[in-house]
Structures are given as structure tokens and as C-alpha cells.
Amino acid sequence: MIKIKNLHAEIDGTEILKGLDLEIGAGEVHAVMGPNGAGKSTLSYVLAGRDGYEVTEGSAELDGVNILDMDPDERAAAGLFLAFQYPVEIPGVQMTTFLKTALNAVRKARGEDELDAIGLLKLMKSKCKELGISDEMMKRAVNVGFSGGEKKRNEVLQMAMLEPKFAVLDETDSGLDIDALKVVADGVNALRSEGRSFLVITHYQRLLDYIKPDHVHVLAKGKIVKSGSADLALELEKNGYADIVGEAA
Amino acid sequence: MSAVTKFTARYKADNADLALSEWDSFNAEHTQVPDWVSALRKRGFDKVIQQGLPTTKLERFKYFNLPAYLKKNELIYAKADIVLDGFTEYVRVLPEALNDLSEELKSTIILSPVGEDKYGDMMLWDTANAYFNDGVILDVPADKSVDKPLNITITGHGNTATTTRNIIRIGDHSEVTIVEYHISSNVSWHNNVTQILLGKGARLKHYRIQENNKNSAYTGNTHVQIGQNAYYEAFTLTKGSALSRNQVHVELQGAGAECFVNGINMISGKQQGDTTITVEHQAPNCISKQNYRSVMDGQAVCTFQGKVHVHEIAQKTDGYQLSNTLLLSPTATMNTKPELEIYADDVKCSHGATAGNLDKEALFYLQSRGIPEAEARALLIKAFLEEVIEQITDEAVREQVELIAEKWLILRTGDNDGEGWL
Ligand SMILES: Nc1ncnc2c1ncn2[C@@H]1O[C@H](COP(=O)(O)OP(=O)(O)OP(=O)(O)O)[C@@H](O)[C@H]1O
Ligand SMILES: [Mg+2]
């Protein structure tokens, strides 16, 4: 379902991704771990189509379609979702307006009926409840004044509303307290289904206790340098990256 | 210390004919007026002969070149097309109302700031005096509170020059709302002078929606005198005209008076929008807030010159002035000149100005949620403008302004049709 082949990407002429290969089957959860600065967020931004990231070689296919030529909004319509490592604050744009605009844009692009205000409110309320987000937060501007943990929950809320085929979660666990981690993990698990795949970027084994990955990969210096089963994460937690990264170099 | 800076002008009276070429026929046509009106016209005429129209050599007109517009476009004098509706009970129409005007209003008109020549750059006011004939008088007695607004629609027809003078007096403790709509159909110039007098505890909401044709010129000169504990709320939406000027002079004359002079500019193509505001704190415990937001595309040029002048007597002044600008194109230009002049020691005054582009991170975030770029941009621009729009306290007007802003944002894509005049 997701096929990333020999992906090379640069920022300002500096190559960050250096031939990255990754395949994720339908319904699978893959975890990506790796040292700081390895290129994990770069991978997520390149997939989402952020400006300033130049793909020099390779491809990334979602259900057989190369998404790298699409605009970010087209990728979202095609079923991609990125939960940001650092969610962006947007003063003046109310959460409700934002969710309604996003959801209807995506539904429209997917050829589905747009949701009216009442339908949206209902959906929003039930998802908020599942994720322990207060209704009051939906009246505030997008991410403005949200705590670190609230921002992360808000990312998962958006994911739950937009129902992507493929979601990339970039350190969605960082900044969450122990209870919130469980709530967010439950939120993700609730979305797991046969047709939906996840790429979970994390530094900590703890998240993977809750969201059991099918595969774990180590990303270092712009490449996947090692792949394995869920046990690989435990091994990394014990021994760190030194051996693996050393081996690859 | 003089109250207001006096500009040493190098008058270029040779442009006087641009303003006065139609005057003889105007004056011959509109003779049924009292002597004092004829005298005022003549005085205006003489002043313009002597001083001409304001040129860019004058400090407050540095970015505003009306003579260039008038050189390019030949206009003929026309009677102003004014339509009134809504609350019209205390309204009288000029020139008919001039015949039995109270002495007080008469002297208000005659002894305008021009009479004292305080500024040295009030040639547009002089020009309005020269062509003094059309306009409305709203004279509301004390203790009247009106819910329904007075709507004034002024239409500028193609190839015409029109002048309006409006006098608005709100009696003690009365409350009134005025909404002005400016629409024109083509190349034209509308020169307006509005004088406002607010009695003790009076409240006036004064909204101005300027959607003139993009080839037209508009010059608004507003002078407001605010009495004790009175309240003046102004909001100006500038969307039209090739060349527009919104000059406001507020005098807070009674203790505890408040004024809010806000607005938004949404201009594109080769449009030029100039906002020049002077607020004088002449009494203690007064509040003044100026809050402008501008969105500019194409090669548009905006100017914001705001000044807060706090007189020695005006202790406990709370003065605030802010201009924020969103530049949607690299070729748009914002000129900002905020000024504070403070002669009292116990005051709270601040000013600030920002100009920047749309937040790229925010744009990407919205797009990553499936919102197409044009829609995402519109959402961010609307959010930017909303911060000032939401300060409009009249709900109906606020909704109108929101709709106009939304429409502008939708049409803006490919809407660089403001041909401009240069
Ligand atoms: N705008 C930029 N210009 C230049 N270099 C950049 C830019 N953005 C990121 N980089 C570099 O790219 C490399 C990869 O960064 P990236 O954010 O992808 O790392 P990461 O694996 O997500 O790290 P972390 O675990 O700390 O989140 C880093 O060396 C970083 O400094
Ligand atoms: Mg990262």
C-alpha cells in the first residue's frame, strides 16, 4: 500500500534523505526510530509535501500512485495524514471552522457529500469525548494556547475526523503525560483497521507497548539501516543506536 | 508650543486649475443660497487659487498624488447623488437646509479648522468649501436613542467630480448609528468633508464602506469633536478607488471621552489607499484607539499615518495606535508613520506597526489537512482581518463587513483588474 523507493531529498542543497526504502502493507503499523537529526521528520515532511524539501530521486507511492507530484492538500485527499511533531498555531482561525473546512474539503475531493454544521458538531463532539478533549477547546483558535499535550491530542483528533488511509505520527507521544499517552494510543488503536496503515515515529518503547507495531525500522543518516520485528525496539531501548549506526556507516 | 505641527509648504498653485476649472459654471448654476454660503465658496476658491491642491511635497501628502490623477482624467462638475434611508428623522438635505440654519451650525461650518489654517495642508477642505452645495445635516437633539441606523449612499457617476459636506451633531446623551456607502461607477472624484459634534455622553457609531470603482478617486476629510464622556466609534472599510484618502482628525474635548478609529484596507492591482489620522487629547481621562489592518496584493500602495497628540492638560490619557499589514505580493508597498506627541506626564500611550507575509507554516498546516491553497490563504487572511472586524459593535454592520471581506478574498484570485491610472 505504501511504497517508498530510493528516496533522496535535500533542504537548501543539503541532502538529508539518502536513498530511503520502506514498504508498509495495508493495515500494518510500522515504527521508525532513530537518533536525533537522522531525518525522521524530514521524511514525514517530504511525504506531506512541505515547501523547501526537494526530492532529487526516488518515489513514494500510496496505493500505486506517486504522491510526490501532488500538492499537500491533494495528498490529504488521497488519504495521507501527518500528525506534526510541532503542531502549528493559527491565531484567528477557530478549531470548529478549521475542522469543518478541512473535513469538507477532503470529503469533496473524495467525492463524498459535505457535512452540514450539525453533522460536523456531532462528529466533533464524539471524537473529542473519545480523546478527552473539552468542547471549550474547539472554540479556541487552532493550537493557540494549547499545552504541549493538548496539541498532540488535537493532532489525533484531526486524524480521527479525516479518516486517512495512511497516517504518519511524528513523535505524537512526546510531551504526553502517562494517562494522556494511553488516551492517545487508544485513539490510534481505535482507528486501526484492515485498510489503514500507520508510520509511527518515536524515541520511546513505551508508546509501542500500547500501539503494537508489526515492524520496527531504524532510520539513521537518511536511510533505513535496520528493520526487524517489535522486539527490535526493546533491543534499541537496551543498547542504543551506537552499534547499528556504526555498522551502517 | 503650537498644538499641531504647521507644515511649511511650497505651494504649487499652478495646479489650482485642476480643482477650479469647473468652478465658474458651478457657481453660476447654484445661486439660490444665502450670502454666507456664497462668501464661503469664494473664500474656498481664493484659497485654492493661492495654495492649489495638496502635492506630494507636503508631509502629510507625501504618498498621495491627487493632482496626477486629475491631470490624467478630465472630470466635469456634477451634483452629488445622495440617497438616504433608515433613520432619517433629524436629517435635512443641502443646499435647501442652508436657508434657515441655526447660528451654531452655521459657525461650525464657517469656522472649520480651515478657517484657523491650523494645518497648512487643508486644501481639500478649501476645495470642498469652493464647491459647497451638497450634503446632509443630521442634527439630533438631546436624549434620543435610535436603534435604526441612518444609511447614506453616495454614488459617483462616470467622469464627474462631486463634493459633499456632511454635518452631524448628536445632542447630549443621544445615541446614533450612521452607515455610509460609497459606490462609484467609473473614473470620478468624490471629495467629502464631514464634521461631527458629539455632546456630553453622546454616542455615535460611524461606519464607512468604500467600494468605489477601481478607477475612481476618493478623498474623505472627517473632523470630530467629542464632548465629555461621549463615545465615537469609527470603522472604515476601504476596498475601492484607484486613489483614496481617509483623513480623520479627532479632538477629545471633554473629560472621559472615548474614540475608536478602526478600519481595514483590502486593495490590489495599482490601487493606492491612504489613511491619515490625528487624535488630539485635549482633556483628561480620555481613551483613543486606532487599529488598522491592511491586506495588499499586486502593486498596491497603502499609507498609514497616525498621530496621537496629548496636550499638557490631558492627564490619564490612554492612547493606542496600531497598524498591521499583510503583503500578499512582493510588489505591494506599505508606508507607515506612527507618531506620538506627548506633553502630559501621567499617560499610557503606545504605538506599533507590522508588515509581513502570510505565515507559510500555517499555510502548510492547513493544506496538509486537505484545504486547497487558495482556500487556506483566504482563511488566514480572513483571520487576520477579523481581529479588527470583530471590534465593530453593530452586529449587522459587522456581518456586512465580513461578507465584503469574504467576497473580496474569493474574487481576489485573478482579480488584479484595478487598472490603476498611472
Ligand atoms: N531547514 C533546514 N535547513 C537545513 N537543515 C535542516 C533544516 N531542517 C532540518 N535540517 C536538518 O536535517 C536533519 C534531519 O532533521 P529531522 O528534523 O528530519 O530530524 P529528526 O530525525 O526528526 O530528529 P528528531 O529526533 O530530533 O526529531 C538535521 O540534521 C537537521 O538539522
Ligand atoms: Mg523529528
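Mean residue ellipticity at 222 nm from the helices of chain A, using -39,500 (n - 2.57) per DSSP H segment of n ≥ 4 over the full residue count, to the nearest 500 deg cm²/dmol? Could you put the intermediate results ahead of the total?
Numbers: 9 runs with 96 residues, N = 249.
Taking each H run of at least 4 residues, the total per residue is -11500 deg cm²/dmol.
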Antiparallel DSSP beta bridges within the protein assembly as shown, as percent of all bridges there, nearest 5: 20
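In what order, largest first, do B:Cys302, B:Cys349 sit by accessible area if the probe radius is 1.4 Å?
B:Cys349, B:Cys302
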Fraction of antiparallel bridges per DSSP, segment B:80-357 only, in percent to nearest 5: 5
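So how do A:Arg196, B:Arg369 rank on accessible area, 1.4 Å probe, biggest first, that is with the largest at the start?
Accessible-area ranking of A:Arg196, B:Arg369, largest first: A:Arg196, B:Arg369.
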Peptide A:71-79, shielding by other chains (average Cβ, 10 Å cutoff): 5
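Across peptide B:231-240, how many C-beta atoms of other chains are within 10 Å of each residue C-beta, on average? The partial results should precede the final answer.
Numbers: counts 0, 0, 0, 0, 0, 0, 0, 0, 0, 0.
Across the residues of B:231-240, the mean count of other-chain Cβ atoms within 10 Å is 0.
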Share antiparallel - DSSP beta bridges, segment A:2-248, percent rounded to 5: 60
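Which value in deg cm²/dmol, rounded to the nearest 500, describes the helix-derived mean residue ellipticity at 222 nm for chain B, given -39,500 (n - 2.57) per DSSP H run of n ≥ 4 and division by the residue count? Could the numbers behind the result be given before it?
Working: 10 runs with 99 residues, N = 422.
Helix contribution divided over all residues of chain B: -7000 deg cm²/dmol.
Over the protein assembly as shown, average the accessible area per residue using a 1.4 Å probe and give it in Å², no decimals. Please report the intermediate quantities before stating the final value.
Values: 26780 Å² over 671 residues.
Value returned for the protein assembly as shown: 40 Å² of accessible area per residue.
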Listing of segment B:363-404 residues, each with accessible area lower by at least 40 Å² in the full protein assembly than in the chain alone (probe 1.4 Å): B:Phe364, B:Tyr365, B:Gln367, B:Ser368, B:Arg369, B:Gly370, B:Ile371, B:Leu379, B:Ala383
Rounded accessible area of A:Arg192 (nearest 10 Å², 1.4 Å probe): 80
Residue of A:Ser59, A:Ser193, A:Ser174 that the Gaussian network model of chain A assigns the largest fluctuation, springs spanning Cα pairs under 10 Å: A:Ser193
³J(HN,Hα) computed for each position of segment B:328-344 - Karplus, 6.51 cos²θ - 1.76 cosθ + 1.60, integer Hz, glycine/proline x: 8, 9, x, 9, 7, 10, 10, 10, 10, 9, x, 9, 10, 10, 10, 10, 9
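Considering all projection directions equally, how large on average is the shadow of the alpha-carbon convex hull of chain B, in square nanometres?
Values: hull surface 78.1 nm².
Its Cα hull, projected and averaged over all orientations, spans 19.5 nm².
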Solvent-accessible surface (1.4 angstrom probe) belonging to B:Ser25, in square angstrom, nearest 10: 60
HN-Hα J in Hz across segment B:379-393 - Karplus 6.51, -1.76, 1.60, θ = phi - 60°, x for Gly and Pro: 4, 6, 5, 4, 4, 5, 5, 4, 4, 9, 4, 5, 7, 5, 7
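In what sequence, largest accessible area first, do A:Ser134, A:Ser197 appear using a 1.4 Å probe?
Working: A:Ser134 55, A:Ser197 0 Å².
From most accessible down to least: A:Ser134, A:Ser197.
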Rounded Å value of the spacing that divides the Cα centres of segment B:70-101 and segment A:5-82: 65
With all protein chains modelled, accessible area of A:Met70 [1.4 Å, Å²]: 40
Vicinal HN-Hα couplings computed from phi for segment A:95-100 (Karplus, 6.51 cos²θ - 1.76 cosθ + 1.60; Hz; Gly/Pro x): 3, 4, 4, 4, 5, 5
Amide hydrogen neighbours beyond the local backbone of A:Ala220, cut-off 5 Å, H modeled: A:Val225
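The values are calculated or read from the model by the stated rules, or taken from the named source; none is laboratory data. Everything numeric in this text was worked out from a predicted model, so none of it was measured. For neighbour counting, all protein chains shown are included, and Cβ atoms are generated from backbone atoms with ideal geometry for every residue, glycine included. Calculation scope for accessible area: heavy atoms of the full protein, side chains included, ligands and nucleic acids excluded. Shrake-Rupley method; radii C 1.70, N 1.55, O 1.52, S 1.80 Å.
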